[in-house]
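Heads up, the thing below is written out as structure tokens.
The values are calculated or read from the model by the stated rules, or taken from the named source; none is laboratory data. As the structure is a computational prediction, the values presented were derived from the model and not from experiment. When we count neighbours, we look across all protein chains shown, and the Cβ atoms used for this are built from the backbone with ideal geometry, even at glycine.
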């Protein structure tokens, strides 16, 4: 990077976003007949399954509405976002406003609303749609969903929780982490006090409760009092997850003009990366056990698209906000690994799942978990960050 | 094998069972203080986690009771089996007789009884314990658990089922498959008519409903009428699972003196193996998609202990019951792969999880899913099968 300059890099990320990744989804993912998106796309973009996963429907609405709101007022982008938003608002939730996990192509509910992140991505989607269209219906859907998430946040899985109450209470990192991002995403729709309260609580949870001072790392699960649980769940590290949260924190630090919070987020980013980097084959591990014990996750050593692009965002922002040189050194290294392994120059878009050696494990461009989200959001974030430098 | 003869092979499997694998579990897994077993054992046998998974507790009771019943009346084996049986009967189930998925070391319930295979392995365990001790309590526990499994068999996950009823009804292969085995395991405790009815229904389900005539393979999930479902679940193949079921079928065929059923099971074994064998790196894949589409299972290309040892049982029995030469040819190939990759000559027992290339992915000897079961049961079965030849 330092060889090529920020301007060149900014162009690279912008061009990849606008000339490769977004056109791939525009071309292959739109269900012109029934609305919403196909996300199970083969290497060449062919639809290999038609199920509609609410996470990915919401994320793609969000992505196209965000491009429309922040990059260019292209009617085509708004049409694509609107197609998914209509599909979701019609079929995506039950009568209590809980969002299903998945739907058939036609919109029939397939998997029950056991997963609160379906709600989170729906709220993000309708927040951007409200911004893009001025629609009060979309705004209400975002607000009601947000309020429902807060209501459910003490027991996110509800009746689908298989843990016996009381035996081993643990709290998970995912929800406070995503609320950091979500509360800013829909800030324009919320009461100022609610936003500030949520933001402060999330910052505290992420940087104090789930942050393990001894190791400098972010734990995925801790005891209710924030202490370490020496169990499979308690020992679990998800480096990409912790690093992704750090750019949410940096954005919140900027909003608060809190330099020391930004510096803490940078330090955590670098510490996680140092722990999570595979010194033999390169790339960042998917999961680790903080004590080095065997994991339950058989996919622990795989290299995933979202882990790498989220890391690039945190490193770019980390340098932008704090000027820390180590951010640039690591950016170079992760950038080289990422760009030489994930993009598919033959058929477009990026591979998602590589094995430990960096070989393609699954040739898909989209599936149950990979959709039009992390890669384009990351390209956008890095583009915009370097543009400012 | 043909080089070395059946007698030599029989000795090899027996010695590995009695001099390596069983002593490893005798030495490292017994919780002398609180009863039951540690199954999370590191490469050298060290306990790295103390949670007690009901599948593995039940399976280890079953294994030691089976050795006691069928190999030698060693008091130590019965003591070990009894320690687990007491722990399980005291802590393993709720007041309705549903078996929890996991417990803390002390026996407090951790994960709710969402998984009917916990019940299946408990029933197997107490069936062997009833045989070993003549205890009516153990017999009743086995019978009541069996009856409860039959009651739950139409909706095995009960309230933990996340599928929305009616949208996409599918039935799974696991339960009919395991009932083939379980009904013979506890035959001595059941009414003769119940056994015969269950056995006939299971044979029909496995060899007609889940058997796909077009491909010759066993599907993991089918529509209620037995037809193919072109969905992630419907396309799924689990080669080890299908092959394991085939030696259950061969045992049932022998019981019924049904030669053509045995031959069908041999043909299915060989067809699955031909499909499931990794021609590049050797070994049998964990999961495949029948249409060659991308899978949801990130661990699809890994080589697992149980898949390989179960295949050796089906091939040995296939040759024994039908004399099919291809069974021997494949046995040689799978035997060579298995014995050169799984046994750990340094610390004893066998590795469980290899990556596609056959390199150790997790160094554990036991964990949440690997316990004292497939390897010793397989060594026992192959030993006894070759002994008869």
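For this structure, a couple of remarks:
- The range B:357-369, subset under 21 Å from residue B:51 (Cα atoms) and either away from chain A (no Cβ under 14 Å) or over 17 Å from the mean Cα position of the chain (by Cα) (or both), residue surrounded by the fewest Cβ atoms within 10 Å (Cβ to Cβ): B:363
- Subset tally (residues that are part of a loop (DSSP other than H, G, I, E, B) and farther than 24 Å from residue B:352 by Cα) for the range A:276-308: 3
- Residue check, residue A:335 crowded, with 22+ Cβ neighbours inside 10 Å, under 30 Å from residue A:68 (Cα atoms), more than 14 Å from every other protein chain (Cβ to nearest Cβ) and at pLDDT 95 or above: no
- Residue check for residue A:294: under 28 Å from residue B:287 (Cβ atoms) and surrounded by fewer than 19 Cβ atoms within 10 Å (Cβ to Cβ): no
- Unmet requirement for residue B:226, which otherwise passes all of (1) within 14 Å of chain A (Cβ to nearest Cβ); (2) in a loop (DSSP other than H, G, I, E, B); (3) in contact with a helix residue (DSSP H, G or I) (Cβ under 8 Å, 6 or more places away or on another chain): (1)
- Whichever residue in the range B:164-178 is free of Cβ contacts under 8 Å to residues at least 60 places away in the same chain and within 14 Å of another protein chain (Cβ to nearest Cβ) and, among such residues, is nearest to residue B:233 (Cα to Cα): B:169
- Of all the listed residues (B:161, B:181, B:144), the sole one being within 14 Å of another protein chain (Cβ to nearest Cβ) and surrounded by fewer than 21 Cβ atoms within 10 Å (Cβ to Cβ) is B:161.
- Residue count for the range B:70-87 under the criterion of being more than 19 Å from residue B:181 (Cβ to Cβ) and crowded, with 20+ Cβ neighbours inside 10 Å: the result is 7.
- Scanning the range A:344-356 for residues that are away from chain B (no Cβ under 14 Å) and either surrounded by fewer than 21 Cβ atoms within 10 Å (Cβ to Cβ) or out of contact with any strand residue (DSSP E or B) (no Cβ under 8 Å at 6 or more places or on another chain) (or both) returns A:345, A:346, A:348.
- The number of residues in the range B:88-105 that are touching a strand residue (DSSP E or B) at 6+ places or on another chain (Cβ under 9 Å) and farther than 10 Å from residue B:54 by Cβ comes to 3.
- Test: residue in the range A:192-204 that is free of Cβ contacts under 8 Å to residues at least 12 places away in the same chain and outside any helix (DSSP H, G or I): no
- Unique residue being within 21 Å of the chain's Cα centre (by Cα), assigned to a loop (DSSP other than H, G, I, E, B), crowded, with 19+ Cβ neighbours inside 10 Å and touching a residue at least 12 places away in the same chain (Cβ under 8 Å) when the list is A:372, A:327: A:372
- Scanning the range A:33-69 for residues that are touching a helix residue (DSSP H, G or I) at 6+ places or on another chain (Cβ under 8 Å) and surrounded by fewer than 21 Cβ atoms within 10 Å (Cβ to Cβ) yields a count of 6.
- The one condition from (1) in contact with a strand residue (DSSP E or B) (Cβ under 9 Å, 6 or more places away or on another chain); (2) surrounded by 20 or more Cβ atoms within 10 Å (Cβ to Cβ); (3) more than 14 Å from chain A (Cβ to nearest Cβ) that residue B:341 does not meet is (2).
- Residue within the range B:262-285 that is more than 27 Å from residue B:301 (Cβ to Cβ) and touching a strand residue (DSSP E or B) at 6+ places or on another chain (Cβ under 9 Å) present: yes
- Residue that is farthest from the other protein chains (Cβ to nearest Cβ) [pool: residues in the range B:45-78 that are part of a helix (DSSP H, G or I) and over 21 Å from the mean Cα position of the chain (by Cα)]: B:75
- Residue that is nearest to the other protein chains (Cβ to nearest Cβ), among those in the range A:35-44 that are out of contact with any strand residue (DSSP E or B) (no Cβ under 7 Å at 6 or more places or on another chain) and farther than 15 Å from residue A:61 by Cα: A:43
- Matching residues, the range B:101-119, being under 21 Å from the mean Cα position of the chain (by Cα) and either closer than 13 Å to residue B:145 by Cβ or more than 10 Å from chain A (Cβ to nearest Cβ) (or both): B:113, B:116, B:117, B:118, B:119
- One residue from A:243, A:249, A:284 being under 18 Å from residue A:325 (Cα atoms), away from chain B (no Cβ under 13 Å) and touching a residue at least 12 places away in the same chain (Cβ under 8 Å): A:243
- Within the range B:297-324, the set of residues being surrounded by 23 or more Cβ atoms within 10 Å (Cβ to Cβ) and away from chain A (no Cβ under 14 Å) comprises B:308, B:309, B:310, B:311, B:312, B:313, B:314, B:315, B:316, B:317, B:318, B:319.
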